[in-house]
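Chemist: Structure provided below as structure tokens; questions to follow.
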Amino acid sequence: MSTIDYSEKIPNNVDLANDRTLQRALEHWQPRFLEWWKELGPNDFANSDVYLRTAVGVDAQGWAHYGTVKMPDYRWGIFLADPIADRTIGFGDSFGQPVWQQVPGEFRSQFRRLIVTQGDTEPASVEQQHRLGNTCPSLYDLRNLFQINVEEGRHLWAMVYILHAYFGRDGREEAEELLARHSGDVDKPRILGTFNEPIEDWLSFFCFCYFTDRDGKFQLKSLAESSFDPLARTCRFMLTEEAHHMFVGETGLGRIVRRTLEVMKEVGSDNPEAIRRQGAVDLPLLQRYLNYWFSSSLDLFGSEVSSNAATTFANGIKGRPDETTQYQDHVCADSSFEIEVPDGKGGIMKEPSPMRNAMNEVLRDAYIRDCEIGLKRWNMQIKRAGYNFELKLPSNRFRRAIGAWANIPTDLEGRLIGREEYDRRMPGWLPSASDRGYVKSLMQRVVEPGKMAAWIAPPERGVNNLPLDYAYVQLN
Ligand SMILES: [Fe+2]
Ligand SMILES: [Fe+2]
């Protein structure tokens, strides 16, 4: 097992001290990263003491250390999961051959594009959540936000290491660009659409963690299968941290549902007006937020049929999540996948696509199944409380901006409808200006240890076995 050297300027388990050139290049990038963090990270809390976990090893037992730090002093480092002995390529044309320790020249630009796209999302989310801390519903939640922020910062480090170590000057230039693009910037926005949408309230934040970060999980899972072993190992370790981000999204939304059900019981009504008078989130409002973030996140997987997806799979660059355990055929040279596309006459038809070209859709399907798990749990809560309201994911055809369904008006069930009907009904499907205004009015910060805002129930337990009323953040 490799241990992490914390005496180094950049904590790492990649033996950086023995590669002076690389070490110097990364030490040159480090102050720029810190400048970026101080400018666009959670800088209203730069002096706060935050109870955070920091990676100290990469094995499953005890990989993290918990302690109180000021965020600008967080030890962002470079950690790769331990290598798997004699690992072979798990999919595509080179199936069964030894994995690569260097990037093959012919695949260099494809790898670079994927790594830069993944890397770009990490600082983007920190920028999106820049001011969110000011309206936290509790110190527990505030700490979780900051934990995610510092870890997204570390994920940026993870991608920058790969760029610096394996892509020479191009890689160093890309690493600079990762700090030059900014979420929502008119001239230099982040690469992917969803990562330019500001996250100004905590309902959006929990939806983002649940839906958008989950896309990140699926992208990381498929890159963890890559034949380029250092990339696979980097992504494997990132997934360890990512699990907490999923947890924050799922439990955050679950706690909102729980609080709403309590209020529904108290007032003896499920009328949204009555719920709102008590300062809670009515379930139809929550549903509109789910519709918004789910449909936006679906686009991140790309087009249903994609020659790019086919090449990255064929070349062993990007596999499917859990390639080894979930699939039998790892080559997919002559299998096919049925895709639903508009028939051009107002209907829907099924069209077979070569499996390799349909890899984006395969990933999106797996993602949708994963998204359903939380909804099942929340619906169970609702049912147990005696209400027959069901939260639902909209159809994957609804409100798409990329792929076969881009700009094709459908209702939430994915039925094709006219443009006029679509525009007319949209306010009932997505958060309206008044919904957003109401949610904004709920965002009053609560910073007394153990106290929760009125719109969210307390979590089941504190962080790392600490009590719920622990001062997870000392604001100073
Ligand atoms: Fe991340
Ligand atoms: Fe994340």
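The values are calculated or read from the model by the stated rules, or taken from the named source; none is laboratory data. Fair warning: this is a prediction, and the values are worked out from it, not measured in the lab. Glycine also receives a Cβ, built like all others from the backbone with ideal geometry; neighbour counts cover every protein chain displayed.
Chemist: When you go through (1) surrounded by fewer than 17 Cβ atoms within 10 Å (Cβ to Cβ); (2) free of Cβ contacts under 8 Å to residues at least 40 places away in the same chain; (3) of a type outside the set (Val, Ile, Thr) one by one for Pro409, which number turns out not to apply?
Modeler: Of everything listed in (1) surrounded by fewer than 17 Cβ atoms within 10 Å (Cβ to Cβ); (2) free of Cβ contacts under 8 Å to residues at least 40 places away in the same chain; (3) of a type outside the set (Val, Ile, Thr), Pro409 misses just condition (1).
Chemist: A further question on this structure: Within the range 180-209, take every residue that is under 24 Å from Ser432 (Cα atoms) and either within 14 Å of ligand 1 (Cβ to nearest atom) or polar (S, T, N, Q) (or both) and give me the one that is modelled with the lowest pLDDT.
Modeler: Per the stated criteria, the residue is Thr194.
Chemist: Scan the range 147-173 and report the pairs whose first residue is over 21 Å from Leu40 (Cα atoms) and whose second residue is assigned to a helix (DSSP H, G or I) and within 11 Å of ligand 1 (Cβ to nearest atom), with Cβ atoms within less than 9 Å and a gap of 6+ or a chain change.
Modeler: Ile162/Gly119; Leu163/Gly119
Chemist: Being surrounded by fewer than 20 Cβ atoms within 10 Å (Cβ to Cβ) and under 19 Å from the mean Cα position of the chain (by Cα) is the filter here, so list the residues in the range 372-399 that pass it.
Modeler: Within the range 372-399, Glu372, Ile373, Leu375, Leu393 meet the criteria.
Chemist: For the range 92-107, indicate whether the set of residues that are aliphatic (A, V, I, L, M) and within 15 Å of ligand 2 (Cβ to nearest atom) is non-empty.
Modeler: No, the range 92-107 has no match at all.
Chemist: Since His182 meets every condition but one in (1) assigned to a helix (DSSP H, G or I); (2) touching an Asp or Glu at 6+ places or on another chain (Cβ under 8 Å); (3) away from ligand 2 (no atom under 16 Å from the Cβ), which condition does it not meet?
Modeler: Only one criterion in (1) assigned to a helix (DSSP H, G or I); (2) touching an Asp or Glu at 6+ places or on another chain (Cβ under 8 Å); (3) away from ligand 2 (no atom under 16 Å from the Cβ) is unmet by His182, namely (1).
Chemist: Let me ask another. What's the number of the only condition in (1) part of a helix (DSSP H, G or I); (2) surrounded by fewer than 24 Cβ atoms within 10 Å (Cβ to Cβ); (3) within 16 Å of ligand 1 (Cβ to nearest atom) that Glu174 fails to meet?
Modeler: It is condition (3) that Glu174 fails.
This table checks each residue for (1) modelled with pLDDT of 95 or more; (2) of a type outside the set (D, E, K, R); (3) part of a strand (DSSP E or B).
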residue: Val50; (1), (2), (3): yes, yes, yes
residue: Thr54; (1), (2), (3): no, yes, yes
residue: Gln61; (1), (2), (3): no, yes, no
residue: His65; (1), (2), (3): no, yes, yes
residue: Val69; (1), (2), (3): yes, yes, yes
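Chemist: Also, I was wondering about something else. Filtering the range 419-476 down to residues that are in a loop (DSSP other than H, G, I, E, B) and more than 24 Å from Thr260 (Cβ to Cβ), which residue is farthest from the chain's Cα centre (by Cα)?
Modeler: Only one residue fits best here, namely Asn476.
Chemist: Out of all the residues in the range 252-261, is one or more crowded, with 19+ Cβ neighbours inside 10 Å, within 14 Å of ligand 1 (Cβ to nearest atom) and in contact (Cβ under 8 Å) with a residue 60 or more places away in the chain?
Modeler: No, there is no match, as no residue in the range 252-261 is crowded, with 19+ Cβ neighbours inside 10 Å, within 14 Å of ligand 1 (Cβ to nearest atom) and in contact (Cβ under 8 Å) with a residue 60 or more places away in the chain.
Chemist: For Glu421, state whether it is of a type outside the set (A, V, I, L, M) and either at pLDDT below 95 or surrounded by 11 or more Cβ atoms within 10 Å (Cβ to Cβ) (or both).
Modeler: In short, yes.
Chemist: Which of the helices (runs of 4 or more DSSP H) contained wholly in the range 255-335 include at least 2 residues that are modelled with pLDDT of 95 or more?
Modeler: Helices (runs of 4 or more DSSP H) meeting the threshold: 272-277, 283-298, 307-314.
Chemist: Looking at the range 336-361 only, could you name the residues that are outside any strand (DSSP E or B) and under 30 Å from the mean Cα position of the chain (by Cα)?
Modeler: Of everything in the range 336-361, those that are outside any strand (DSSP E or B) and under 30 Å from the mean Cα position of the chain (by Cα) turn out to be Met355, Arg356, Asn357, Ala358, Met359, Asn360, Glu361.
Chemist: Among Gly96, Gly105, Gly90, which is out of contact with any strand residue (DSSP E or B) (no Cβ under 9 Å at 6 or more places or on another chain), more than 16 Å from ligand 1 (Cβ to nearest atom) and within 26 Å of Pro354 (Cα to Cα)?
Modeler: Unique residue meeting the criteria: Gly90.
Chemist: To continue, here is another question. Among the residues of the range 195-227, how many are of a type in the set (S, T, N, Q), within 15 Å of ligand 2 (Cβ to nearest atom) and under 21 Å from Ala175 (Cα atoms)?
Modeler: 1
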